[in-house]
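For reference, the structure discussed in these notes is given below.
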Amino acid sequence: YGQCKSWLDNGLQPRAVTRDLDWGVKVPVPDSEGKVLYVWFDAPIGYISATKQWALDNKKDWEPYWKDADTKLVHFIGKDNIVFHCIIFPAMLKLYGDILPDNVPSNEFMNLEGDKMSTSRGWSIEMEDYINDFVKKDNGGDMLVDALRYYLNAIAPESKDSEFTWKGFQEAVNGELVAIFGNFVNRAFVLMHKLCNGKVPPLHADILDEADKQLFAEMQSSKSKIETLIEGYKFRDAMFEVIDLARKGNKYMQDKQPWIVAKTTGENGLPTADAQKSIDNCLHICLQLTANLAIFINPFLPFAAKKMCYMMKVVDKMLDWENAGKGKLLSVGYSLREPQLLFRKIEDTEVAEQIEKLKTKSKNLKMEAAAIAKKEEVKEKKAEIQFDDFTKIDLKVATILSAEKVEKADKLLKLEVDLGFEKRTIVSGIALHFQPEEIVGKQVVVVANLAPRKMRGIESNGMILMAEDASGKLHFVSPANIIEAGSGVS
């Protein structure tokens with residue numbers, strides 16, 4: 001909101017939709033040699049062409065997805081692309097007569113173990129590694145695919161930056177999926193097989209108490225709560241609502257204690273009629289809740305939901321949302337399968353191995369980069385210069401006015417800087433260390449009399465001075481206090 005409001009408050013300014021590059025989509029108009037379309041004018045059209053290709057592959061009509069008045073268009077993006085999806089792309093759609101985005105949910109950034117994710121620095125988790133280390137192991141499988149889904153949604157940076165940690169992953173899986181959700185489902189099935197001959201017991205309306213009625217009410221009300229949260233793009237809160245419902249199921253079962261009630265026996269050694277009715281009601285309600293939990297968790301953990309269907313001996317059609325909140329999903333007397341493990345605990349050794357693996361990978365890449373840099377340093381050893389040579393360098397303080405990523409150049413940012421006496425474009429290789437929006441307004445030191453140089457087809461007029469610490473991180477060389485742009489440095 002703030003980024004778009006800033007653009008609007010300042011009045012929308014003309015923005016070039018071409019760039020002088022030797023790569024990209026050429027401008028299809030006369031006398032435009034050397035011009036290509038600016039990526040944020042060209043790329044959004046790719047969303048439409050991708051829809052068309054999908055439709056062709058699946059023998060469907062693509063046009064309703066972009067032109068039908070009943071279509072609801074939603075863009076899920078990162079915070080660094082807000083203005084493009086909220087101003088530039090909608091303006092193009094409006095001009096062409098297509099539908100406009102109904103909403104543009106924007107996520108913040110997700111970091112990893114205290115640092116920004118970076119594949120070039122080795123500070124990342126590769127999906128192939130996760131599959132090999134967890135999913136393909138004997139005690140892995142689909143449950144650990146869902147485990148990762150769960151944690152990523154649980155820490156989704158919906159309103160602020162978040163952080164993936166392996167310890168946090170372990171705590172979420174063990175403390176929520178295993179101890180709450182999986183525990184409730186497992187207990188319901190184990191007790192049903194032990195106390196009700198493996199069948200869905202009847203519900204005795206004459207002895208329903210307030211706790212029974214309350215849990216039925218929770219099942220029904222959860223549907224509208226989860227719907228509202230999903231429709232508001234609050235996927236994390238919607239998933240937590242499902243876990244909370246399982247938590248209430250655990251409390252209900254713990255309060256009812258059917259395993260204790262079963263000890264009230266008659267002369268035949270079996271539970272008395274009244275005791276069995278109490279057991280029946282408790283487990284009937286818990287099993288109906290289990291069926292509802294399968295429906296509610298399906299949007300988030302589809303493998304777990306399907307495994308629950310298998311255990312309940314029902315078809316996946318039961319997972320249709322229209323069945324959510326119903327209290328008679330499982331028929332009385334219906335035999336159910338033995339429980340299967342929905343989730344397993346993540347062990348301390350696995351956490352330690354992943355953290356060590358991450359550190360080792362990052363360290364090795366740094367060593368490789370340092371070795372390459374050392375070779376380059378030896379190869380390009382700088383000659384000694386005289387004082388007069390140094391005085392030829394014109395160092396000025398500049399203020400960064402804007403910054404944007406250079407398309408297809410992971411390391412480059414295009415900066416617009418104010419030198420006091422003029423504004424310039426400078427291309428700097430700092431994109432792996434800084435996000436564009438975080439450096440706007442920063443004062444830096446610039447080599448102002450450096451000869452122009454083309455980088456990725458963009459003319460760069462100057463160079464930003466940076467310092468690199470022992471860990472490879474870059475830091476701006478900046479004045480201690482804000483001073484006038486254009487001030488000399490000597």
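Rule-based calculations on the coordinates, nothing more; no lab input. Small disclaimer: the values here were computed from a predicted structure and weren't measured. We place every Cβ from the backbone using ideal geometry, glycine too, and count neighbours over all the protein chains shown.
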Revision key, fill the gap. Here the gain from full extension of S331 to N268, 0.36 nm per residue of separation minus their alpha-carbon distance, amounts to 19.8 nm
Review point. Using 1/(1 + (r/R0)^6) with R0 = 56 angstrom and r between the beta carbons of K317 and M367, what's the FRET efficiency to the nearest 0.05?
Key: 0.50
Exercise for review: Work out from phi, with θ = phi - 60° and the Karplus expression 6.51 cos²θ - 1.76 cosθ + 1.60, the ³J(HN,Hα) of each residue of segment 362-371, listed in order in whole Hz, and give x for Gly and Pro.
Suggested key: 5, 4, 5, 5, 5, 5, 4, 5, 5, 5
Review point. Ranked by Cβ crowding within 10 angstrom, fewest neighbours first, how are S120, S402 ordered?
Key: S120, S402
Check your understanding: Going by how many other Cβ atoms sit within 10 Å of their own, how do T349, T119, T165 line up, fewest first?
Key -> T349, T119, T165
**Study point:** Estimated FRET transfer efficiency (K72, D142; beta-carbon r; R0 35 Å; 0.05)
**Key:** 0.70
Review point. Which angle from 0 to 90°, rounded to the nearest 10, does the C-alpha axis of helix 39-57 make with the longest principal axis of the chain?
Key: 40
Practice item. Starting from the Cα of N174, move 7 Å in the Cα-to-Cβ direction to define the label point; list residues of segment 330-364 whose amide nitrogen is under 17 Å from there. Key: 343-356
**Study point:** Inter-centroid distance (Cα atoms) of segment 230-292 relative to segment 70-110, Å
**Key:** 44
Exercise for review: Per DSSP H run of at least 4 residues, take -39500 (n - 2.57); add these up for the chain, divide by its residues and hand me the 222 nm value, nearest 500 deg cm²/dmol.
Suggested key: -13000 deg cm²/dmol
Practice item. Enumerate by residue number the chymotrypsin sites (Phe, Trp or Tyr not before Pro) in segment 388-445 meeting two conditions: DSSP loop (anything except H, G, I, E, B), and at most 12 other Cβ atoms within 10 Å of the site's Cβ. Key: F421
Review point. Which trypsin sites (Lys or Arg not before Pro) does segment 122-212 hold that lie in a coil by DSSP with at most 16 other beta carbons within 10 Å?
Key: K136, K137, K160
Exercise for review: Taking each pair of different alpha-carbon atoms in segment 387-489 once, compute 1/r for the pair, average those values, and report the inverse of that mean as the Kirkwood hydrodynamic radius in Å to one decimal.
Suggested key: 14.0
Study note, to complete from the structure: Options [x] 1.32; [y] 0.97; [z] 1.05 for Cα Rg over 2.2 N^0.38 Å; the value derived from the coordinates is listed as [x]
**Study point:** Additional length obtainable on full extension of the chain from S32 to A211, 0.36 nm per residue less Cα span
**Key:** 57.0 nm
Check your understanding: Hey, with R₀ at 51 Å, roughly what FRET efficiency would T349 and K442 work out to, going by the Cβ-Cβ distance, to 0.05?
Key -> 0.70
Exercise for review: In whole Hz, with x marking every Gly and Pro, tabulate ³J(HN,Hα) for segment 227-244 from phi via Karplus 6.51 cos²θ - 1.76 cosθ + 1.60, θ = phi - 60°.
Suggested key: 4, 4, 5, 5, 5, x, 6, 9, 5, 4, 5, 5, 5, 5, 4, 5, 4, 5
Revision key, fill the gap. For N111, the residues 5 or more places away or on another chain with a placed amide H closer than 5 Å to its own amide H are S162, E163, F164
Check your understanding: Taking the Cα centre of each part, how many Å lie between segment 341-366 and segment 146-195?
Key -> 18
Exercise for review: Calculate one ³J(HN,Hα) per residue across segment 202-209 by plugging θ = phi - 60° into the Karplus curve 6.51 cos²θ - 1.76 cosθ + 1.60, and present them in order as whole Hz with x for glycine and proline.
Suggested key: x, 10, 9, 4, 5, 10, 4, 10
Check your understanding: What residues have an amide H closer than 5 Å to that of S402, excluding those fewer than 5 places away on the same chain, when H is modeled at 1.01 Å from N in the peptide plane?
Key -> E416
Point to revise | Q386 paired with E459, simple spin-label distance in nm, labels 7 Å along Cα-to-beta-carbon | key: 3.3
Study note, to complete from the structure: Assertion target for I230, I260, I285, ordered by fewest C-beta neighbours within 10 angstrom first, is I260, I230, I285
Check your understanding: Quick one: length gained pulling E63 to Y310 fully straight, 0.36 nm per residue minus the C-alpha distance?
Key -> 85.1 nm
Exercise for review: Tell me which residues come under 5 Å, amide H to amide H, from Y334 once H is placed; ignore anything under 5 positions away on its chain.
Suggested key: V200
